[in-house]
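What follows is one structure encoded as structure tokens, with my remarks underneath.
The values are calculated or read from the model by the stated rules, or taken from the named source; none is laboratory data. Given the structure is predicted, the values throughout are model-derived calculations rather than measurements. Here Cβ is always computed from backbone atoms with ideal geometry, including for glycine, and neighbour counts include all displayed protein chains. For accessibility, only protein heavy atoms count, side chains too; no ligands or nucleic acids. Shrake-Rupley method; radii C 1.70, N 1.55, O 1.52, S 1.80 Å.
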Amino acid sequence: MKGYPKLKKASAEDFGREFLDLKCAVKVVKGIDEALTHIREHSTKHSEAIVTEDKKSAELFLKEVDAAAVYHNASTRFTDGEEFGLGAEIGISTQKLHARGPFALEKLVTEKWILRGNGQVR
Amino acid sequence: MSEVLNLIKKTYNATPALRAVEDRQLKKILLMLADELEAQQKTILKANEKDVAKQKPGDPKTDRLRLDEKRIKNIANGIRKVSRLPNPSEKIIERKKLPNGLLLEKRTVPLGVVGAIFESRPNVTFDIAALCLRSGNACVLKGSIEAEQTNLAAIQLIHSVLKKNKLPAEVVTLLPAARESVSELFNAGKYVDVLIPRGSESLINFVRKNSQVPVIETGAGVCHVYVEQKADIGKAVKIVTNAKVSRPSVCNAMDTVIVDKAIAPEFLPE
């Protein structure tokens, strides 16, 4: 850590923490399995990314990671209603019911069944 | 019935009037709202000054609360943008004839009444009202006490535009800024279809824990970028830097970078 005065050893609380600042935690892992386990444990299921040229690892990551948006070789900063072409958003939903990811105009609706008959009975 | 619940009920009762409005008209209302907001910005800014004056000096919330000409312009342009988006309701998703001759159709319809609870940013009042009107939803808004005067001026403006278009003002309702409004909203499941908290994690947790109305949670993001051993270091550096640095205060910013041991000596110094 010599030569990097701002670098500190991460504590357990630093993983899974939303910094909202110019700080981040660094985790070194043995391979993709440990990375997936770390994400499973600490993710808020918002946006997760993998950087790799290996197609198999990329596909495994995109399939296995449970988040509203998963990325291969791109920044998580794109999770946004405007960026996705949905227009203004209310926010990014991290839950699974009704809306997931950018919660925009298109999700301010529900569905309705309409049935037109001419005397049908069951 | 409490005064607050009565306001919520009036909004619920105003939904048929909103459903009767044609799409063209909804667009027109939003464009008019954007124009009026710019034309009457002095009134809004004056009210906003009163709110800002009540803040303690140096409070970081003051910046989020403050409006100026530029911010008003941004809000107005945001409303214009929403007006141009396609209306998401009345879309036919499925249509088929059943073997018994019944004609079945599934279409999208407005949620009904959307409730929103939000903190100091006064732009949210306009943003949510615009999105709800565009999609044919009525809304009840509960802003913060810090933004009370700004929100009151905003709702007056919205109401004047609604009235000019012969719509009941109740389709966009501002609840009293007092805390009691929140608990009334939590129990208004009969009249409110979804509740959307916007703001800090503590606000969102409080709403999720206490509301009987279904909550749509938009919340915290602890985002990871995993630099796998076969990563292109150039791409990885660019992506990790962008994910962290481009705007650290937002929810899609990176919080933890995970690095494969095999590539760490090469990647981390970069």
* Boolean, residue A:90 is within 30 Å of residue B:83 (Cβ to Cβ), hydrophobic (A, V, I, L, M, F, W, C) and touching a Phe, Trp or Tyr at 6+ places or on another chain (Cβ under 7 Å) -> yes
* State whether the residues of region B:44-64 include one that is under 13 Å from residue B:154 (Cα atoms), open to solvent by 30 Å² or more (accessible area, probe 1.4 Å) and in a helix (DSSP H, G or I). => yes
* Residue check, residue A:74 against (1) closer than 22 Å to residue A:38 by Cβ; (2) small (Gly, Ala, Ser); (3) crowded, with 18+ Cβ neighbours inside 10 Å, all met but one. Which one? -> (3)
* Only listed residue being open to solvent by less than 50 Å² (accessible area, probe 1.4 Å), closer than 30 Å to residue B:101 by Cβ and not charged (D, E, K, R), chosen from A:92, A:114 -> A:114
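Of the residues A:34, A:59, only one is facing chain B (nearest Cβ under 10 Å) and farther than 15 Å from residue B:220 by Cβ; which?
That would be A:34, the only listed residue that is facing chain B (nearest Cβ under 10 Å) and farther than 15 Å from residue B:220 by Cβ.
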* Asked: Restricting attention to region B:122-166, which residues are in contact (Cβ under 8 Å) with a residue 60 or more places away in the chain, of a type in the set (Lys, Arg) and surrounded by fewer than 24 Cβ atoms within 10 Å (Cβ to Cβ)?
  -> B:164
* Failed condition for residue A:20, given (1) free of Cβ contacts under 8 Å to residues at least 24 places away in the same chain; (2) closer than 22 Å to residue B:264 by Cα; (3) at the interface with chain B (Cβ under 7 Å from one of its Cβ atoms) -> (2)
* To do: Return yes when residue B:119 is under 14 Å from the mean Cα position of the chain (by Cα), acidic (Asp, Glu) and over 15 Å from residue B:18 (Cβ atoms) and no when it is not.
  => yes
* Subset of region B:85-113 (residues that are modelled with pLDDT of 95 or more, within 30 Å of residue B:153 (Cα to Cα) and more than 7 Å from chain A (Cβ to nearest Cβ)) -> B:112, B:113
* Structure fact -> Taking region B:1-22 and keeping only residues that are out of contact with any Gly (no Cβ under 9 Å at 6 or more places or on another chain) and of a type in the set (D, E, K, R), one is left with B:3, B:9, B:10, B:22
* In region B:1-43, how many residues are closer than 19 Å to residue B:130 by Cα, among the polar types (S, T, N, Q) and open to solvent by 20 Å² or more (accessible area, probe 1.4 Å)? -> 3
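I'm checking my understanding of the structure. Among residues of region B:212-235 that are of a type in the set (Gly, Ala, Ser) and more than 20 Å from residue A:15 (Cα to Cα), which one is farthest from the other protein chains (Cβ to nearest Cβ)? Reasoning before the result, please.
Step one: list which residues in region B:212-235 are of a type in the set (Gly, Ala, Ser), which gives B:219-221, B:231, B:234.
Retained after the next criterion (residues that are more than 20 Å from residue A:15 (Cα to Cα)): B:231, B:234.
Values: B:231: 4, B:234: 10 Å.
Ranking the qualifying residues of region B:212-235, first place goes to B:234.
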* To do: Give me a count of the residues in region A:1-20 that are part of a loop (DSSP other than H, G, I, E, B), among the charged types (D, E, K, R) and loosely packed, with under 15 Cβ neighbours inside 10 Å.
  => 4
